1. Does the range 57-75 contain at least one residue that is surrounded by fewer than 16 Cβ atoms within 10 Å (Cβ to Cβ), under 16 Å from K2 (Cα atoms), of a type in the set (A, V, I, L, M, F, W, C) and within 19 Å of the chain's Cα centre (by Cα)?
2. Say whether the condition of being assigned to a strand (DSSP E or B), open to solvent by 40 Å² or more (accessible area, probe 1.4 Å) and out of contact with any strand residue (DSSP E or B) (no Cβ under 7 Å at 6 or more places or on another chain) is met by at least one residue in the range 7-22.
3. So which pairs qualify, if the first residue must be in the range 82-96 and of a type in the set (F, W, Y), the second must be open to solvent by less than 90 Å² (accessible area, probe 1.4 Å) and assigned to a strand (DSSP E or B), the Cβ gap must be under 7 Å, and the two must be at least 6 apart or on different chains?
4. Condition test on T28, is it closer than 29 Å to F95 by Cα and either part of a strand (DSSP E or B) or of a type outside the set (S, T, N, Q) (or both)?
Amino acid sequence: YKYYSLNLGLNVLPGETFISETRSFNSTFYLLAGVGNTSFAGDDQFTINFGAGYQFILLDWMTVFLEAQDHLFDVDVTGENKKTNNIEFSTGMTFFF
């Protein structure tokens, strides 16, 4: 199983996350959509994907994100062609220097 995709994102809820009355972080909720290719069981399939994510800035030089995406493509492993949903959850950090 291998895939690649090209996504576009849209920040829909930029703002702040409040942890306490004195502590807040800049944050954003974003939507993703894109197209790509999935290689599975010896076949290459056109793939559509969409998802959402949440990112917040911990420090001036570091952010953390959580993201979920659904990859939709046709698969014909059992002899019957059907749509498949592959859900992906990811998290990560970005460092600015």
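The values are calculated or read from the model by the stated rules, or taken from the named source; none is laboratory data. The structure presented is a predicted model; accordingly, all values stated were derived computationally and were not measured. Positions of Cβ are generated from backbone atoms using ideal geometry, with glycine treated the same way; all protein chains shown enter the neighbour counts. For accessibility, only protein heavy atoms count, side chains too; no ligands or nucleic acids. Shrake-Rupley method; radii C 1.70, N 1.55, O 1.52, S 1.80 Å.
1. yes
2. Looking through the range 7-22, none of the residues is assigned to a strand (DSSP E or B), open to solvent by 40 Å² or more (accessible area, probe 1.4 Å) and out of contact with any strand residue (DSSP E or B) (no Cβ under 7 Å at 6 or more places or on another chain).
3. F89/A68; F95/M62
4. Yes; evaluated as a whole, the condition is true for this residue.
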